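The values are calculated or read from the model by the stated rules, or taken from the named source; none is laboratory data. Keep in mind it's a predicted model, so treat the numbers as computed, not measured. FYI the Cβ positions are ideal-geometry reconstructions off the backbone, even for glycines, and counts take in every protein chain you see.
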Number of protein chains: 4
Amino acid sequence: MTTATFQWPVRVYYEDTDSGGVVYHSIYLNYMERARTEWLRSLGFDQSRLARERGLVFAVSQLEVKYLAPAHMDDQLMITLTLAKRGGASLHLRQEIHRVPDDTVLIRATVRVAMLDGHFKPTRLPSDILPWG
Amino acid sequence: MTTATFQWPVRVYYEDTDSGGVVYHSIYLNYMERARTEWLRSLGFDQSRLARERGLVFAVSQLEVKYLAPAHMDDQLMITLTLAKRGGASLHLRQEIHRVPDDTVLIRATVRVAMLDGHFKPTRLPSDILPWG
Amino acid sequence: MTTATFQWPVRVYYEDTDSGGVVYHSIYLNYMERARTEWLRSLGFDQSRLARERGLVFAVSQLEVKYLAPAHMDDQLMITLTLAKRGGASLHLRQEIHRVPDDTVLIRATVRVAMLDGHFKPTRLPSDILPWG
Amino acid sequence: MTTATFQWPVRVYYEDTDSGGVVYHSIYLNYMERARTEWLRSLGFDQSRLARERGLVFAVSQLEVKYLAPAHMDDQLMITLTLAKRGGASLHLRQEIHRVPDDTVLIRATVRVAMLDGHFKPTRLPSDILPWG
């Protein structure tokens, strides 16, 4: 199993905030998916090509999120991702969102993404996707 | 040509606002599309069925928007829509967003939506879609 | 403790979907917050007034979400909410998203919302907010 | 008047697309605002600091957008911005969205942003903001 942590920077824009003055709570999920997309890309997997050529899509099947502190407009954030387990038909990930530069942890999450076929049915992870996970 | 005005109510939620304390400027476009979707539905056209059964999608091709006053969290809004012209391959609409109950006009817009085929190429409006427009 | 279930209808629009053909996973959180907002409103609490007059805001502090089946463009959904527990400074809610009319459960979630003061610090729930919870 | 063009790269993620398979039409406005935010930052103006320290916010007051071709999941885009005119209380900008690497123009827009005070009333641009514009 890989224990390496992937990191992806994200900047907060107005579109991400709400009138409470902080980032809207569902937007952190978008940030975490950007990091998953870039992590897969860094491993050679374009999700749009996976869908087009092999009829495979990843979909979030389970989430646990702890909101520890809020992010604000203009904040520079770092999204982290660690593969906790490669199941037969899903990946279990740990993700965090940190504020740069003081490295405060804002979000701690576990995310399970399922491998789905073209009919949105769970299917086995192909052997070339994270075979060592 | 029909000169009737279609109306659709929308409530403002936190997700729609930004840290400036008002509705984020691109969200008004979403509100206006909800009204277009409901207007088409009221005329018997489900966009998901149009896409699935006839390979036809509407897509915005041109927009002009004037932002006159902002909407806030919890505001009750009314979105209006008038068909200005039915072109051969597009619809020209006038839309407004009003705040209820004082009826302040917040947004004035003209929106052109093009009829596209399954390859995102402009195509003629079928004769059963707004033949009188 | 109240065991009544509050319900709020939501329609799926294009803005909510992604190129996988289904509702984007973070949007369900927005739907669930709309139901919380309307539930509070039904009990006499406008969140914008709570913030303005008493400096109090609710913020999600913890989430667990199970994605059981996807929603699609044009789907009519029903969002449900049950108060599981009224803590000293937070509310624990159970929420579900059902597809109408076949009543398929799409989402099961537990959501904890914390009461925060004007500095985003946890504070006690005022005695007039759900005193019987 | 400056005729320099500012550029800002944006990657398309699932959150940005809709079930038509392309980027949702209002999301391009978010992309264009990210470029405006980064352009102001490159000139030394943090919008969150402008708001906090001087009670000044920029708000879109007028938009014209032509949608020429769609962007897709995983596309790498370049957002451009040229200052067309510095009015007394607003900036007039020309913005485009290009697809990298073939440089197809997807969007052409003109955007007017007004300088507003803490009460959302138009106010004069301070003399240190783009004095040469």
_Pairs where the first residue, in segment D:107-130, is surrounded by 15 or more Cβ atoms within 10 Å (Cβ to Cβ) and the second is among the hydroxyl-bearing types (S, T, Y) and part of a strand (DSSP E or B), C-beta under 6 Å, 6+ apart_ = D:R112/D:S61; D:R112/D:S90; D:A114/D:S61; D:A114/D:S90
_Given (1) within 17 Å of the chain's Cα centre (by Cα); (2) among the aliphatic types (A, V, I, L, M); (3) modelled with pLDDT of 95 or more, identify the lone condition not met by B:V100._
(1)
_Odd one out for A:V113, checked against (1) away from chain C (no Cβ under 14 Å); (2) within 17 Å of the chain's Cα centre (by Cα); (3) among the β-branched types (V, I, T)_ = (1)
*asked:* Among the residues that make up segment D:5-24, is at least one of them over 14 Å from the mean Cα position of the chain (by Cα), polar (S, T, N, Q), modelled with pLDDT under 95 and surrounded by fewer than 20 Cβ atoms within 10 Å (Cβ to Cβ)?
replied: no
_Among the numbered criteria (1) over 25 Å from A:G20 (Cβ atoms); (2) among the hydroxyl-bearing types (S, T, Y); (3) free of Cβ contacts under 8 Å to residues at least 12 places away in the same chain, which one does C:S26 miss?_
(1)
*How about segment A:44-71: which of its residues are touching a residue at least 12 places away in the same chain (Cβ under 8 Å), farther than 17 Å from A:R94 by Cβ and either surrounded by fewer than 17 Cβ atoms within 10 Å (Cβ to Cβ) or touching a strand residue (DSSP E or B) at 6+ places or on another chain (Cβ under 7 Å) (or both)?*
A:R54, A:G55, A:L56, A:V57, A:A59, A:A69, A:P70, A:A71
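Determine, yes or no, whether C:Y14 is within 26 Å of D:Y24 (Cα to Cα) and touching a Gly at 6+ places or on another chain (Cβ under 8 Å).
So C:Y14 passes the test.
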